[in-house]
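Colleague: Can you read through this structure? Questions will come right after.
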Amino acid sequence: MLLLALAIGLGPAISFAQKRVADATQVQKLIAFCDSTKADEILVLHAGKPICHWKNPHCDSVYMGTASMVKSWTGLAVGCLIDRGLIKSVDDRVCQYLPEWGPGCEQDVRIRHLLTMSAGLNRRGPRGILSKSDMNAYALQLKLDTFPDVRFSYSNESAQLLGILIEKVAKKPVDKCFREWLFDPLGMDSTTLSRDSAGNLLTYGGCITTLQDAAQIGLLMLQKGQYKGRQVVSEQWIDASVTPSKLAPYYGYLWWLDNQSEHKNYAATGDLGQMTIVFPGLDLVFVRRQNCDLSPNSIAMRWMGPNFLKLLASVVKEKP
């Protein structure tokens, strides 16, 4: 049986948000669709308020694994380094801060290259960092597959190298950086980074969180880095994060971008459809988790695409 919670009469005084209200019929359609795709739970926020929170009654899990969603959070942590003056620019050489990565030094890889998946590291999938017991050691010996700034190639290893860089520059474990700079300011008290067998903290995937905690990242992005009146991440960094990169107009600083739809949006996504999608023009945040169904059809995520994004955008409508 489908469960629905609607709250209409929405919050903060943002002009474009006040022009729209929840569309109960479309919300029901969204729930039915997410149920059909084996989602465990979804949360939709409009103008900072929940208009839909649905849970599959056949799945008892509470926590969600972010999978690659956490890559986008790693991008925000790099922004926090720049905001604090700990690194000067995304155009700085990675070697300046991480000389241990010899191949990166030899090929003059810049921080921007790691953020935009253009460092020259090919996607390795399960044969790459996922299969290693000491993931930092593996990342630090990686040779480039191409020259940097030649092509976009999605890479777990790029995001892990950024995590190592964050630790090196901040001079403290990366989970403490995330906690101090993001999780505590956003009230994300049910979120922890995962570790590999060697004890390394992972910044490319595997974080454990809840739907409600993950939604706070969406709200932070929507509010240009502000949260409850505090500038947690600079507006400049948020804007840069969702600006199309040179080699991939659908990718920013570890955020997926959709500038083709009627309602532009950007997303942090991971395997099985773990995701946070932000529609800035609609003041809308959508979060989805899935842990229970691991069937091949679920893993394929064939339901993702323009029709799904159009359905999401339709859950709010112009006021009569």
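The values are calculated or read from the model by the stated rules, or taken from the named source; none is laboratory data. Quantities reported herein were computed from a predicted structural model and do not represent experimental measurements. Here the Cβ positions follow ideal geometry from the backbone for every residue, glycine too, while neighbour counts run over all protein chains shown.
Colleague: In this structure, does ASP83 turn out to be more than 21 Å from the chain's Cα centre (by Cα) and modelled with pLDDT of 95 or more?
Modeller: Values: more than 21 Å from the chain's Cα centre (by Cα): no; modelled with pLDDT of 95 or more: yes.
No, not satisfied.
Colleague: In the stretch 125-140, which residues are touching a residue at least 24 places away in the same chain (Cβ under 8 Å), more than 20 Å from the chain's Cα centre (by Cα) and closer than 20 Å to GLY102 by Cβ? Break it down into steps so the answer makes sense when it comes.
Modeller: Here is the first cut: in the stretch 125-140, the residues touching a residue at least 24 places away in the same chain (Cβ under 8 Å) are 128-130, 132-137, 139-140.
Then keep just the ones that are more than 20 Å from the chain's Cα centre (by Cα); that gives 128, 132-137, 139-140.
Those that are touching a residue at least 24 places away in the same chain (Cβ under 8 Å), more than 20 Å from the chain's Cα centre (by Cα) and closer than 20 Å to GLY102 by Cβ: GLY128, LYS132, ASP134, MET135, ASN136, ALA137, ALA139, LEU140.
Colleague: Among the residues of the stretch 47-88, write down those that are touching a helix residue (DSSP H, G or I) at 6+ places or on another chain (Cβ under 7 Å) and at positive phi.
Modeller: Those that are touching a helix residue (DSSP H, G or I) at 6+ places or on another chain (Cβ under 7 Å) and at positive phi: ALA47, GLY48, ALA67.
Colleague: Restricting to the stretch 188-215, count the residues that are surrounded by fewer than 22 Cβ atoms within 10 Å (Cβ to Cβ) and polar (S, T, N, Q).
Modeller: Selection size over the stretch 188-215: 6.
Colleague: Which residue, of VAL94, VAL44, is β-branched (Val, Ile, Thr) and touching a helix residue (DSSP H, G or I) at 6+ places or on another chain (Cβ under 6 Å)?
Modeller: Exactly one of VAL94, VAL44 is β-branched (Val, Ile, Thr) and touching a helix residue (DSSP H, G or I) at 6+ places or on another chain (Cβ under 6 Å), namely VAL94.
Colleague: Okay, next question. Could you list all residues from the stretch 126-140 that are surrounded by 18 or more Cβ atoms within 10 Å (Cβ to Cβ) and either of a type in the set (Asp, Glu) or part of a helix (DSSP H, G or I) (or both)?
Modeller: Within the stretch 126-140, ILE129, MET135, ASN136, TYR138, ALA139, LEU140 meet the criteria.
Colleague: Let me ask another. For the stretch 10-113, list the strands (runs of 3 or more DSSP E) that sit wholly inside it and hold at least 3 residues that are more than 24 Å from LYS143 (Cβ to Cβ) and not hydrophobic (A, V, I, L, M, F, W, C); which are they?
Modeller: Where strands (runs of 3 or more DSSP E) fall fully within the stretch 10-113 and carry at least 3 residues being more than 24 Å from LYS143 (Cβ to Cβ) and not hydrophobic (A, V, I, L, M, F, W, C), they are 49-55.
Colleague: I'd like to know if the stretch 275-292 contains one or more residues that are of a type outside the set (D, E, K, R) and free of Cβ contacts under 8 Å to residues at least 12 places away in the same chain.
Modeller: no
Colleague: List the strands (runs of 3 or more DSSP E) that sit entirely inside the stretch 228-320 and contain at least 3 residues that are surrounded by 20 or more Cβ atoms within 10 Å (Cβ to Cβ).
Modeller: So the answer is 265-270, 274-279, 284-289.
Colleague: Would the stretch 292-313 turn up any residue that is among the small types (Gly, Ala, Ser) and either assigned by TED's automatic domain parsing to the domain that holds LEU182 or touching a strand residue (DSSP E or B) at 6+ places or on another chain (Cβ under 8 Å) (or both)?
Modeller: Yes, because at least one residue in the stretch 292-313 is among the small types (Gly, Ala, Ser) and either assigned by TED's automatic domain parsing to the domain that holds LEU182 or touching a strand residue (DSSP E or B) at 6+ places or on another chain (Cβ under 8 Å) (or both).
Colleague: Go through the stretch 42-84 residue by residue and tally those that are closer than 23 Å to SER245 by Cα and not charged (D, E, K, R).
Modeller: Residues flagged as closer than 23 Å to SER245 by Cα and not charged (D, E, K, R) within the stretch 42-84 amount to 15.
Colleague: Please give the number of the condition LEU43 fails out of (1) free of Cβ contacts under 8 Å to residues at least 60 places away in the same chain; (2) assigned by TED's automatic domain parsing to the domain that holds PRO280.
Modeller: (1)
Colleague: Being over 24 Å from ASP23 (Cβ atoms) and crowded, with 24+ Cβ neighbours inside 10 Å is the filter here; which residues of the stretch 36-74 pass it?
Modeller: Within the stretch 36-74, MET64, THR66, MET69, VAL70, LYS71, SER72, TRP73, THR74 meet the criteria.
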